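Here is the structure we will look at, set down as structure tokens.
The values are calculated or read from the model by the stated rules, or taken from the named source; none is laboratory data. Since we're looking at a predicted model, the values are computed, not measured. No Cβ is skipped: glycine too gets one built from the backbone with ideal geometry, and neighbour counts run over all protein chains shown. Just so you know, the surface numbers come from the protein's heavy atoms only, side chains and all, with ligands and any DNA or RNA stripped out. Shrake-Rupley method; radii C 1.70, N 1.55, O 1.52, S 1.80 Å.
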Amino acid sequence: MKYTSTRGGLTDVSFEQVLFSGYAPDGGLFMPEEIPSLEMAMLQTWSTYSYPQLVEEICSLFISREDLPREDLRDLISKAFRRFRHKDILELATLKNGLNVLEMWHGVTYAFKDLAMSCVGQLLQYFLRKTKKHTTILVGTSGDTGSSAIESIRGAENINIIVLLPRGRCSPIQELQMTTVIEDNVHVFSVDGTSDELDEPIRNVFADTEFVKRHNIMSLNSINWARVMVQIAHYFYAYFHCCPSMNEIPLPLVEIVVPTGAAGNITAGSIAQMMGLPIRLVAVVNENDIIHRTIQNGDFSLADSIKASLAPSIDIQEPYNMERIFWLLSDKDSNLIKTMMEEFKKLGKANVPEVLSAKLSQALRSSTVNDDNVIETMLRCWKDNQYLLCPHSAVAVTYHYQQSDLGTSSVPRCCLATAAAVKFQEAVLKAGLTPEIPPEIRALETMDTRCAAMKRGEDWEKMLYHKIEEIDALRKM
């Protein structure tokens, strides 16, 4: 399996090169040159597999055995999931009125990003040990990515990580999960801006290919293909646990509802769909609705500003992974994607050709919800099931309630629960509910914290350059 940039500037790239990359040098995102196709017999076999086994099978399709022998892959996946609290890693909650909630938050930071990040952390350390090299991870976060990335590599001798978080725009617990990690290899910046604004200096650093190569800089946002790759597995898991029968021909359809921000998670779902998994994908967003507008009528344009919501991890107006979805649905037309994305960067909007727009609205459904909807859904789910949703999971479940109230679909539906409610206590309290706070979360409030400030008006890009150079200098002493 080889990889290419969505903008066509680089092809025939190895998995190891992609793993240690951020944006491609041409500004695009790396994708596999071919998407494997699975026969029904393979799907039937996989339907009996555990989640770690599914991750192994998916990864083996996208990483050659020359790069990573199968036994080594199995071992590092086993290590990746050792810190998860649930024996099955994921759990499907089957609730009233056909509501299926896939709990993806049983990792260390109580967020679904632990699933992919823990595996990617192991992959990084595997290849770094082989090459005896060091890398610096540069990552921006809207909430959960930063803490998951930190936990995946904290204390690692051959990896440093720099995380930029948007001050006051994460939940207090999300922020504490980052700022309380006092490790020599962890460097956290609190940025006076939005998650989209802090992505800009990161993108500019990655565009300096000579600097990136000299300091071996990489990303662990869902810019990184390996994150998306591992996430493909939970669509198979969701399908197999919600499918009424694996013996029907053709296999039954299952609808999977995804709370959507930067679109990395739903990109993984789109790839699973293209591999032959019979799923219907629904992207549900909050009032930051660029993805909804794009799917509904091809309006791929920035709003005037980001609206702060009860679901802060999806308060995003520049969903960079849409580039991957556009590329897939345009039959890998790199010239078109390059033109579109450069236009988007320059003008804040891009023309989506009618043919591509039609394919997008056929491949994905979408919906948008507001904070009132989220509160109503959290209350309804509690009253019906004594089951507490986080606000992001409630974004997805709102769609389920809307559809079930209409009674328009008999297709089984699975809502992805991307974080535990405990991470968003303010939203839970706003709904008039009481969060149960585990001891390890409560302990964060009394721990020492460490982070540096990036104030508005300062040169954030220059600050990043300085920090990366400082890290390398200290490492070489």
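Yes or no, residue by residue, for (1) out of contact with any Leu (no Cβ under 8 Å at 6 or more places or on another chain); (2) assigned to a loop (DSSP other than H, G, I, E, B):
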site: GLU57; (1), (2): yes, no
site: LEU73; (1), (2): yes, no
site: ARG82; (1), (2): yes, yes
site: LEU92; (1), (2): no, no
site: HIS106; (1), (2): no, yes
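Can you tell me which of LEU10, LEU61 is of a type in the set (A, V, I, L, M, F, W, C), part of a loop (DSSP other than H, G, I, E, B) and open to solvent by 40 Å² or more (accessible area, probe 1.4 Å)?
Within the list LEU10, LEU61, the selection yields LEU10.
Applying the selection to the range 317-342, what residues are open to solvent by 20 Å² or more (accessible area, probe 1.4 Å) and within 14 Å of GLY264 (Cα to Cα)?
GLU318, TYR320, listed by residue number.
For the range 32-51, which residues satisfy the criterion of being assigned to a helix (DSSP H, G or I) and open to solvent by less than 40 Å² (accessible area, probe 1.4 Å)?
LEU43, TRP46, TYR51 - these are the residues of the range 32-51 that are assigned to a helix (DSSP H, G or I) and open to solvent by less than 40 Å² (accessible area, probe 1.4 Å).
Looking at (1) out of contact with any strand residue (DSSP E or B) (no Cβ under 9 Å at 6 or more places or on another chain); (2) small (Gly, Ala, Ser); (3) not in a loop (DSSP other than H, G, I, E, B), which is the one condition that is false for GLY276?
Result: GLY276 passes all but (3).
Of these, GLU376, GLU318, which one is among the acidic types (Asp, Glu), at pLDDT below 95 and either closer than 26 Å to GLU200 by Cβ or part of a helix (DSSP H, G or I) (or both)?
GLU318
Assuming LEU164 fulfils every condition listed in (1) open to solvent by less than 30 Å² (accessible area, probe 1.4 Å); (2) without any contact (Cβ under 8 Å) to a residue 60 or more places away in the chain apart from one, which condition is it?
In the conditions (1) open to solvent by less than 30 Å² (accessible area, probe 1.4 Å); (2) without any contact (Cβ under 8 Å) to a residue 60 or more places away in the chain, LEU164 misses (2) alone.
List the number of the failed condition for ALA443; all other conditions in (1) farther than 25 Å from GLY261 by Cβ; (2) under 25 Å from the mean Cα position of the chain (by Cα); (3) open to solvent by less than 50 Å² (accessible area, probe 1.4 Å) hold.
Failing condition for ALA443: (2).
Residue check: is SER245 of a type in the set (S, T, N, Q), in contact (Cβ under 8 Å) with a residue 12 or more places away in the chain and either open to solvent by 10 Å² or more (accessible area, probe 1.4 Å) or touching a helix residue (DSSP H, G or I) at 6+ places or on another chain (Cβ under 6 Å) (or both)?
no
Would you check which residues across the range 452-477 are in contact with a helix residue (DSSP H, G or I) (Cβ under 7 Å, 6 or more places away or on another chain) and buried (at least 18 other Cβ atoms within 10 Å of the Cβ) and list them?
Scanning the range 452-477 gives MET454, TRP460, LEU464, ILE468.
Of all residues being free of Cβ contacts under 8 Å to residues at least 24 places away in the same chain and touching an Asp or Glu at 6+ places or on another chain (Cβ under 9 Å) in the range 64-79, which is surrounded by the most Cβ atoms within 10 Å (Cβ to Cβ)? Just the residue, please.
Top of the filtered list is LEU73.
For the condition part of a strand (DSSP E or B) and either within 19 Å of ARG169 (Cβ to Cβ) or modelled with pLDDT of 95 or more (or both), what is the one hit in LEU429, LEU444, LEU416?
Just a single option satisfies the conditions, and that option is LEU416.
Kindly indicate the residue of the range 355-366 that is in contact (Cβ under 8 Å) with a residue 12 or more places away in the chain and open to solvent by less than 80 Å² (accessible area, probe 1.4 Å) and also farthest from PRO435 (Cα to Cα) among those meeting that condition.
LEU356
Within the group VAL397, VAL369, VAL352, which residue is touching a Cys at 6+ places or on another chain (Cβ under 8 Å) and crowded, with 19+ Cβ neighbours inside 10 Å?
Only one candidate qualifies: VAL397.
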